[in-house]
């Protein structure tokens, strides 16, 4: 007994990858284990914690609730794709990432990629959130370390940084 | 030494890695297209709380392509077939029991490991697990403390009454003091189970190298040296053959201090057996049912007090639910029994506890580790005394405080580390003054009236705690200045998000006079520092921080000795600034030497391979009349030292909360949360405040939302993040007001005390106090005696305490 495999192409952070996966392979596992993009973390595998959130065509999606085969013909952005090109090898931190540094928005860092992708999409939708809107923006992601206060501050600071950058 | 970075809000160095998705957690090790050949493990776990295993049939598994190995207990031999270690064998733990790596004959909780499968990927491994057939003979499960105390059924047939241990401590004659006290009261208080639930569960990866005969294990643990010793012992290897690396850890909160988990042994054994890399990554349900829980206890309090509310005698009995096994000994109940005293000095104190078996997940420390229960018991008692005497709750506390001139204060008890419970320093009256100002205690009655006019119910509560932090036995550190001038620091305890790479670099930068950016800190890697204990009990900053400070000073001594020789100056005249040693008071550039050059000089070489090493060959350096390395010296610019304190250092703090309870729905809303915190000198206030904010959020979860819901058959019915209500941002206070008091510890060179657990300790106590206060005008006699409390439970309490003449109606009519 062996599994049937499917040939797919995934576009992740503007790079196209050819993959051969079983139909049941989760997008989160394909990103992490097949492509080595381990920045996307898996915290619950039932869509509640939000750590595995990636952007699919710009919209936040739980990659643990998607099959890799259903992500073909989409543009996927993971945490590895959030830095901005400034000519340096690693690029400079994007506004949300930079805000997390300044506001101590992370501790163990495990939930962080899901917050970064969620907030990136949230600020596209609402570039000048109020504090209540900032809380609403992150209300679907779990963090066990920070108590969220500094993440809320990070959302507000990210909006400022984004508006300051050309 | 000019202190530059200690006490500063230095941004974290580890953030860059985490924010770019470059963290390396255990499941990230050896992945991706280039790392083919990693095998994945899955575990068959008991679906029953209590059963005898009659037969295990694995024959169907063998048909599945890609399955490499399936083990049950019968396949294990030698030490692996014996029970797992009883890590902390306290003498009073008369009936300690631990599980087997794979269950032998009997299972004692839902989730206990029965069979272990290794396959090409996790999907296939789980397919295989699903094909294993086990037949059971059911035994009656013991669930909950009532069941354990009743002892109608036994968890372990050779443990009478389900009692693992009974421990009693007494200072003075508490019962006599209560009998002769002017006033007495008694309370029954319970706390339910919760758990650490870090976002990253457990995980282990092992690689066996047959060419060198070495095992490398990556594991998500709070003690890499502990896991290393356990693997060596269980797999019959020399300690020197086993390296344990703790990579980035996605939260611990206590649960990862227990070790070795079955998988931490089975994974390396499978790697050695198969000659392949093997990985186990726990899923969320597995974490709920096969890691560890904490908090479940029942308490009975008898207290005698005088007209001022001063406690003359306190007698506490409690029952601790230790689950099915006791690998971590009696640490949690011992901490409850001792830390219950908080900042107070009762005239006499007796405590007795029983640690009891149930057919549920075992209990090991979770952030706070028994202190939240102790604080809850003591603070509920303080509130009850205040209510009985009609006094302000802060007044009763003040009457019982240990005063600032009474330190060191010996409680006459033995603490969790086997040492005296002796507080080193603190200023509790000053903390209370700060807290009252911060929360607006004296202004609250006016606020309550104002709210009542709007038909709103509000209440205020406070809770005080003392936390023994930085327990021994020791931690160590190694500091190495490389010829590049860069400083490499290693300490053996592990990191789970506390920012050790930042705060420890602050300490080194200050002690050595080097740039912060030139200091790199490694934690939890037994190859870099093989002597270590672990990260628990808020001990990392105190223990490793002190050890690193001492090791850096040793390194500095060596720097000055070599530099003095090279500069032909006295050591006393030298200073180190920005990595350059120079004679004080001389102009820049003259009479100076950088640390990299000092490192070159410290290691006389035979071979040159670059310009720096050319400068260190024996032809260039040294006095031909002396040995190149002096008799009492060593080559290399390194320093190593250890810190081993006589006893713990005691941090303290007080929280206050203002809550609003909905008159109709009993919904509980937080209006204001205030924290006064004293952890001695702060290395990095930004990080300490982050710890407090996180602790408070976790405490809110424990007080209002989180509980482990077992049904009568021992099934954990809420074993998912859907059903176990961990707070989102919407459940935690929007703002926490924090004020610090810095009472330095006299026990360590930096004057620091631990800060990691503090935020979570007073939560159950402070919310019980505030909710009871909110209800008091409307439902007299409504006492909060069971935590956590949900709106439904508050509603039921209201029903049981019919309202008096409703204040709201009167005011609104």
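Points worth noting:
- Measuring spread by the Cα atoms of segment B:303-384 yields a radius of gyration and Dmax of 14.1, 46 Å.
- Histogram of C-alpha separations across segment A:95-164, 5 Å bin width, %: 3, 20, 35, 28, 11, 2, 0
- Remark: mean inter-chain Cβ contacts per residue of B:59-68 equal 1, using a 10 Å Cβ-Cβ cutoff to other protein chain atoms.
- Taken residue by residue and averaged, Cβ atoms of other chains lying within 10 Å of the Cβ of B:688-695 number 5.
- Angle in degrees between helix A:112-125 and the longest Cα principal axis of chain A, rounded to the nearest 10: 70
- Over all distinct Cα-Cα pairs of the protein assembly as shown, the Kirkwood formula returns a hydrodynamic radius of 29.8 Å.
- Pairwise label distance in nanometres, residue B:185 with residue B:57, each label 7 Å out on the Cα-Cβ vector: 6.3
- Once the Cα-Cα distance is subtracted from the 0.36 nm per residue extended length, the residue B:307 to residue B:612 segment shows a gain of 102.1 nm.
- Here the translational diffusion coefficient of segment B:10-115 follows from Stokes-Einstein with Rh set to the Kirkwood radius across Cα pairs; for 10 °C and 1.306 mPa s it amounts to 89 µm²/s.
- Distance from segment B:562-617 to segment B:66-103 (C-alpha centre basis), Å: 55
- Shape index of segment B:540-622: Rg/Rh, with Rg the Cα radius of gyration and Rh the Kirkwood radius from the inverse mean 1/r over Cα pairs, equals 1.05.
- Cα centroids of segment B:429-469 and segment A:57-89: 47 Å apart.
- Hypothetical label at residue B:804: residues of segment B:458-478 whose amide nitrogen lies under 14 Å (7 Å Cα-Cβ projection): none
- Partner chain coverage, peptide B:187-200 - average Cβ within 10 angstrom: 3
- When each of the peptides B:253-266, B:303-316 is scored by how many other beta carbons lie within 10 Å of its residues on average, the order from highest to lowest is B:253-266, B:303-316.
- Rounded if a/c under 1.5, otherwise prolate or oblate - chain A, Cα gyration tensor axes: prolate
- Binning the C-alpha pair distances of chain B at 10 Å intervals from 0 yields a P(r) profile of 3, 13, 21, 23, 19, 12, 7, 2, 1, 0, 0 %, listed from the shortest bin outward.
- Relative packing of A:48-56, B:600-608, B:441-449, which averages over residues the other C-beta atoms within 10 Å, highest first: A:48-56, B:600-608, B:441-449
- Taking max minus min of the alpha-carbon positions on each principal axis, segment A:5-81 gives extents of 30, 24, 19 Å, largest first.
- Take every Cα pair under 8 Å whose residues are at least 6 apart in sequence, average their separation, divide by the length of segment A:5-81, and the relative contact order is 38 percent.
- Protection proxy ranking, peptides B:741-753, A:79-91, average beta carbon neighbours within 10 Å, highest first: B:741-753, A:79-91
- Helix A:149-164 axis, angle to chain A major axis (alpha carbon atoms, nearest 10°): 80
Bear in mind that the values in this text are calculations on the coordinates, not laboratory data. Since the model is a prediction, treat every value here as computed from it, not as a measurement. All Cβ positions, glycine included, derive from the backbone under ideal geometry; neighbour counts span all protein chains shown.
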